[in-house]
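K.L.:
Sharing a structure, written as structure tokens. Questions coming.
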Amino acid sequence: MFSAFEWMMAMRYLRARRQEGFISVIAWFSLLGIGLGVATLIIVMSVMNGFRQELLTRILGVNGHLSVYGTAPSMPDYEKLSTQVAKLPGVLKVTPIIEGQVMASANGQAGGALVRGIAPADLAKRPIIADNIVIGGLKDFRGKDGVLIGTRLARNLGLRVGDKITLISPKGNITAFGTVPRMRAYRVAGLFNVGMHEYDSSFIFMPLPAAQIYFKLPKAVNYLDVVIDDPDAARAMAGAVFRALGGKGQVLDWQRKNSSFFNAIQVERNVMFLILTLIIVVAAFNIISSLIMLVKDKGRDIAILRTMGATRGMIMRVFFLSGASVGVIGTFFGLGLGLAFAENIETIRQWLQGLTGTELFAAEIYFLSHLPAIVDPGEVTAVVLMGLGLSILATIYPSWRAARLDPVEALRYE
């Protein structure tokens, strides 16, 4: 398609002499601009993918795919309902849950917390909790006084395994002197760390019998937590569960419960993609300006080539190769830089934190304790194709202008 002569001339024009130095500088900036734009897009898309996947893994690890509520705040016939739901095709596990807000207090410190009552056998089947108990263990998570708390909550309250934590429920005991807050001390049986700030700083797991006593729900629970084989089919499965219960109660799927959260991530991801694409667009305009300046500077050379028999197509291909080479090299440079950065982003974050002495990724703000990145081959391919496409489009007009240059006019003004 391209002759050796055209390649030689294109590469020659890329190596600027002293009087063409300014044009060469613009070309270099164009190359760096496209490279940084492609790299930044790959990095940001990878981080957003990782962020969404990590949150999804933790949310669906701690919580089920469906939450089944009764017609009343409590569900006294939960064992019968659990059996009905468990028989449905696609349902893997049904877990009775008691949940309530409390005030947790210890060592003069206090803070809000969420108590989740769950049977020890059911908690052992949740790997994200059972496999991330850093101190203590499930063997002490039994009886009426052992609880599991997150490592950040333990740090905030100054607790260790074996210490006592006092839970204060807003629903107090009614006495002759009014309502008295319900208080009870529990022994810390273990500390877990799932890597998500919300859970590590506010969740307290309590054995189901102890939770039934504390929240005054004898032989009852708040809701059923359902795990299915296909999380993406949760909405359809919710309808099947609702029909199996005879249309009584309410069934919420994880997508509805967390819709605002994941929609916000998707909107932010799309906006970031559009904004960062402008970097590549600006670099493409730099290619156009540098090529136009190169065509103007090489007017005499073009005229001489035309008088020696070079066709307009040959001239167009020479300048097309010059501009496209900048874009192609910049795009693949950005591809390598972006992939390398995405694969080592957590190491780079730790290094920058040590260098600057500041926390660059606060778990309290970003929910996760580390910076995740998942490279999507499809998205990387789309970014590379976009970079190559914009680079090629940027060379068409200057190349066409060079091919249309009149050799007589060019030589006249030299």
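K.L.:
Can you tell me which of 330, 334, 323, 313 is loosely packed, with under 15 Cβ neighbours inside 10 Å and of a type outside the set (Asp, Glu)?
P.N.:
Answer to the check: 313.
K.L.:
Go over the candidates 137, 112, 100 one by one and state the one that is in contact (Cβ under 8 Å) with a residue 60 or more places away in the chain, small (Gly, Ala, Ser) and loosely packed, with under 15 Cβ neighbours inside 10 Å.
P.N.:
112
K.L.:
Looking at residue 2, is it under 30 Å from residue 195 (Cα atoms), surrounded by fewer than 21 Cβ atoms within 10 Å (Cβ to Cβ) and either more than 35 Å from the chain's Cα centre (by Cα) or at pLDDT below 85 (or both)?
P.N.:
Considered against the rule, which asks whether it is under 30 Å from residue 195 (Cα atoms), surrounded by fewer than 21 Cβ atoms within 10 Å (Cβ to Cβ) and either more than 35 Å from the chain's Cα centre (by Cα) or at pLDDT below 85 (or both), residue 2 comes out as no.
K.L.:
Also, quick follow-up: Any residue that is under 28 Å from residue 334 (Cα atoms) and of a type in the set (Asp, Glu) - is there at least one of those in the range 278-299?
P.N.:
no
K.L.:
Suppose we filter 58, 12 for residues that are at pLDDT below 80 and under 30 Å from residue 323 (Cβ atoms); which single one remains?
P.N.:
After ruling out the rest, the residue left standing is 12.
K.L.:
Something else: Which of the residues belonging to the range 187-213 are in contact with a Ser or Thr (Cβ under 8 Å, 6 or more places away or on another chain), crowded, with 21+ Cβ neighbours inside 10 Å and either of a type in the set (Lys, Arg) or within 22 Å of residue 142 (Cβ to Cβ) (or both)?
P.N.:
Correct list: 191, 192.
K.L.:
Only one of 229, 225 is touching a Leu at 6+ places or on another chain (Cβ under 6 Å), at pLDDT 85 or above, of a type outside the set (A, V, I, L, M) and within 30 Å of residue 117 (Cα to Cα); which?
P.N.:
Being touching a Leu at 6+ places or on another chain (Cβ under 6 Å), at pLDDT 85 or above, of a type outside the set (A, V, I, L, M) and within 30 Å of residue 117 (Cα to Cα) holds for just one of 229, 225, which is 229.
K.L.:
Scanning the range 105-163 for residues that are under 27 Å from the mean Cα position of the chain (by Cα) and part of a loop (DSSP other than H, G, I, E, B), which turns out nearest to residue 60 (Cα to Cα)?
P.N.:
126
K.L.:
Please indicate, with yes or no, whether at least one residue in the range 91-104 is in a loop (DSSP other than H, G, I, E, B) and more than 25 Å from the chain's Cα centre (by Cα).
P.N.:
no
K.L.:
Let me ask something additional. Does the range 226-254 hold any residues that are in contact (Cβ under 8 Å) with a residue 40 or more places away in the chain, out of contact with any Phe, Trp or Tyr (no Cβ under 9 Å at 6 or more places or on another chain), in a helix (DSSP H, G or I) and closer than 21 Å to residue 53 by Cβ, and which are they?
P.N.:
233, 254
K.L.:
Still on this structure: With the structure loaded, tell me whether residue 292 is out of contact with any strand residue (DSSP E or B) (no Cβ under 7 Å at 6 or more places or on another chain), over 30 Å from residue 46 (Cβ atoms), modelled with pLDDT of 75 or more and hydrophobic (A, V, I, L, M, F, W, C) or whether it fails that test.
P.N.:
For residue 292, the condition - out of contact with any strand residue (DSSP E or B) (no Cβ under 7 Å at 6 or more places or on another chain), over 30 Å from residue 46 (Cβ atoms), modelled with pLDDT of 75 or more and hydrophobic (A, V, I, L, M, F, W, C) - is met.
The values are calculated or read from the model by the stated rules, or taken from the named source; none is laboratory data. Not measured: the values here are computed from a predicted model. In this analysis, Cβ positions are derived from the backbone assuming ideal geometry, glycine residues included, and neighbour counts consider all displayed protein chains.
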